[in-house]
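Peer 1: The structure is given below, and queries will be raised subsequently.
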Amino acid sequence: MAFVKQAMIAVTAAVIFALVYGEGVDPNCLGCLCEASSQCNATTACHTPYPGAYFCGPFLISWAYWADADKPIIAGDNPEHKGAFERCVQDLYCGAETVRRYMAKFLKDCDGDGANKCIDVVRTHKFGRGDCARTIQQEDRFWSQYQECASRLSL
Ligand SMILES: *[C@@H]1O[C@H](CO)[C@@H](O)[C@H](O)[C@H]1NC(C)=O
């Protein structure tokens with residue numbers, strides 16, 4: 001049952017992302033990234049898992065990542081207004097747009113297999129633009145969630 005529910009979340013997220021963002025990152029990949037980050041919980045609150053870290057929204061985006069993505073905003077907002085970061089990344093669409101813009105600028109072949117695939121998107125998301133070839137910590141739930149989703153959707 002939990003599996004069915006999760007699969008439905010992923011499919012729903014993928015459909016939403018496909019409708020809104022036809023280009024750039026594969027919608028199924030965005031769906032799995034969302035699931036791995038937060039089970040794609042659209043109401044994921046901002047939290048500080050360790051000092052100096054501050055992650056918000058269903059994709060667990062930091063302020064620096066959002067700024068690197070050129071500060072996308074929800075309609076009618078101003079990127080320089082307080083709370084614009086939280087309002088954007090806590091919104092499923094604006095959060096996905098932040099990922100898409102970040103990848104448009106920084107995605108590369110992290111694992112060196114000659115192609116930019118979903119794993120490269122996920123590595124770039126998790127490790128940032130600087131060091132995306134880093135060794136994956138298999139015990140991190142993020143990766144097992146991603147792998148489960150990726151195999152389910154044949155990514
Ligand atoms: C989603 O996240 C919110 C806030 O962190 C939490 O209260 C809620 O229980 C979560 N929902 C699910 C389905 O996990």
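Peer 1: Which condition number does LYS105 fail, the rest of (1) without any contact (Cβ under 8 Å) to a residue 12 or more places away in the chain; (2) surrounded by fewer than 14 Cβ atoms within 10 Å (Cβ to Cβ); (3) out of contact with any Phe, Trp or Tyr (no Cβ under 6 Å at 6 or more places or on another chain) being met?
Peer 2: All conditions are met except number (1).
Peer 1: Would you point out the residue of the range 132-155, among those that are under 17 Å from the mean Cα position of the chain (by Cα) and in a loop (DSSP other than H, G, I, E, B), that is surrounded by the fewest Cβ atoms within 10 Å (Cβ to Cβ)?
Peer 2: Pass one, the range 132-155, residues under 17 Å from the mean Cα position of the chain (by Cα): 132, 136, 140-150, 153, 155.
Narrowing further to those that are in a loop (DSSP other than H, G, I, E, B): 132, 136, 140, 153, 155.
Details: CYS132: 21, ILE136: 16, ASP140: 12, LEU153: 19, LEU155: 18.
Here the residue is ASP140.
Peer 1: Is it true that LYS82 is open to solvent by 40 Å² or more (accessible area, probe 1.4 Å), away from the ligand (no atom under 16 Å from the Cβ), in contact with a helix residue (DSSP H, G or I) (Cβ under 9 Å, 6 or more places away or on another chain) and assigned to a loop (DSSP other than H, G, I, E, B)?
Peer 2: It is false that LYS82 is open to solvent by 40 Å² or more (accessible area, probe 1.4 Å), away from the ligand (no atom under 16 Å from the Cβ), in contact with a helix residue (DSSP H, G or I) (Cβ under 9 Å, 6 or more places away or on another chain) and assigned to a loop (DSSP other than H, G, I, E, B).
Peer 1: When the range 32-51 is examined, which residues are found to be of a type outside the set (A, V, I, L, M, F, W, C) and within 16 Å of the ligand (Cβ to nearest atom)?
Peer 2: If the condition is that a residue be of a type outside the set (A, V, I, L, M, F, W, C) and within 16 Å of the ligand (Cβ to nearest atom), then GLU35, SER37, SER38, GLN39, ASN41, THR43, THR44, HIS47, THR48, PRO49 are the ones that fit.
Peer 1: If I go through the range 85-94 residue by residue, how many of them are surrounded by 18 or more Cβ atoms within 10 Å (Cβ to Cβ) and free of Cβ contacts under 8 Å to residues at least 60 places away in the same chain?
Peer 2: 6
Peer 1: Let me ask another. Can you pull out every residue in the range 38-82 that is at pLDDT below 95 and within 21 Å of LYS117 (Cβ to Cβ)?
Peer 2: CYS40
Peer 1: Continuing with the same structure: Tell me whether the range 52-69 contains one or more residues that are without any contact (Cβ under 8 Å) to a residue 24 or more places away in the chain, of a type outside the set (Gly, Ala, Ser) and away from the ligand (no atom under 16 Å from the Cβ).
Peer 2: Yes - at least one qualifying residue is present in the range 52-69.
The values are calculated or read from the model by the stated rules, or taken from the named source; none is laboratory data. Since the structure is predicted, the reported quantities are computational estimates derived from the model, not experimental observations. Every residue, glycine as well, gets a Cβ built from its backbone with ideal geometry; the counts of neighbours run over all protein chains shown. With ligands, DNA and RNA removed, areas are computed over all heavy atoms of the protein, side chains included. Shrake-Rupley method; radii C 1.70, N 1.55, O 1.52, S 1.80 Å.
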